[in-house]
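To start, the structure itself, in structure tokens.
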């Protein structure tokens, strides 16, 4: 782990590297102390920026290098719209790195929760089969019904953008489920038909 050194530590280190002799004593040459102070301030600044760069190398803690990570990870995500917020872009970088993908219901529920739907559920439609279905208890459909499932959002977004509760720069008038629909349909298996039920 990198250790951050301050200007006083750098000044002491620089002073210990000076050659011995009367010409290098701070009492005799006060200008030398001011030079060491200036160099120590710059070394401490560079040290702090180097540690910032080490933190930016990990996308889970990125803040300044979001555009560079987006270029590497084929972002910004078109599902977030043409002008996503900076926090959404930073979160998308983390998600893209950590995303594994799956075809389970739990994976799609987690996508919905990440978009602000904490009570999301998945309903898998019962496949109509002769011998397993009974008249009056299940609807018979086509053979494609076996690949249909519903994502129930469970209500409105937990954190919606609205007048009086949002900050300057956030967009209004945007359909809140458009990002969810895009993410679900993009991640769904190719043979599946997904319907989203916004309660």
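The values are calculated or read from the model by the stated rules, or taken from the named source; none is laboratory data. Small disclaimer: the values here were computed from a predicted structure and weren't measured. FYI the Cβ positions are ideal-geometry reconstructions off the backbone, even for glycines, and counts take in every protein chain you see.
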Could you check segment 176-186 and list, in sequence order, the residues that are in contact with a strand residue (DSSP E or B) (Cβ under 9 Å, 6 or more places away or on another chain) and closer than 16 Å to residue 104 by Cβ?
184
Members of segment 53-68 found to be without any contact (Cβ under 8 Å) to a residue 12 or more places away in the chain and closer than 24 Å to residue 178 by Cβ, listed by number:
67
Can you report the number of residues in segment 66-104 which are touching a helix residue (DSSP H, G or I) at 6+ places or on another chain (Cβ under 6 Å) and part of a helix (DSSP H, G or I)?
10
Condition first: under 30 Å from residue 69 (Cα atoms) and either assigned to a loop (DSSP other than H, G, I, E, B) or assigned by TED's automatic domain parsing to the domain that holds residue 90 (or both). Can you find one or more residues in segment 5-15 that meet it?
yes
Residue 43 - would you say it is outside the structural domain of residue 111 (by TED's automatic domain parsing) and not in a loop (DSSP other than H, G, I, E, B)?
yes
Run residue 107 past the list (1) modelled with pLDDT of 65 or more; (2) under 26 Å from the mean Cα position of the chain (by Cα); (3) in a loop (DSSP other than H, G, I, E, B) and report the number of the one that doesn't hold.
(3)
Return the total of residues in segment 113-129 being in a strand (DSSP E or B) and either modelled with pLDDT of 90 or more or surrounded by 16 or more Cβ atoms within 10 Å (Cβ to Cβ) (or both).
2
Failed condition for residue 71, given (1) in contact (Cβ under 8 Å) with a residue 12 or more places away in the chain; (2) over 12 Å from the mean Cα position of the chain (by Cα)
(1)
Out of 14, 36, 80, I need the residue that is surrounded by 14 or more Cβ atoms within 10 Å (Cβ to Cβ) and either under 30 Å from residue 181 (Cβ atoms) or modelled with pLDDT under 90 (or both). Which one?
80
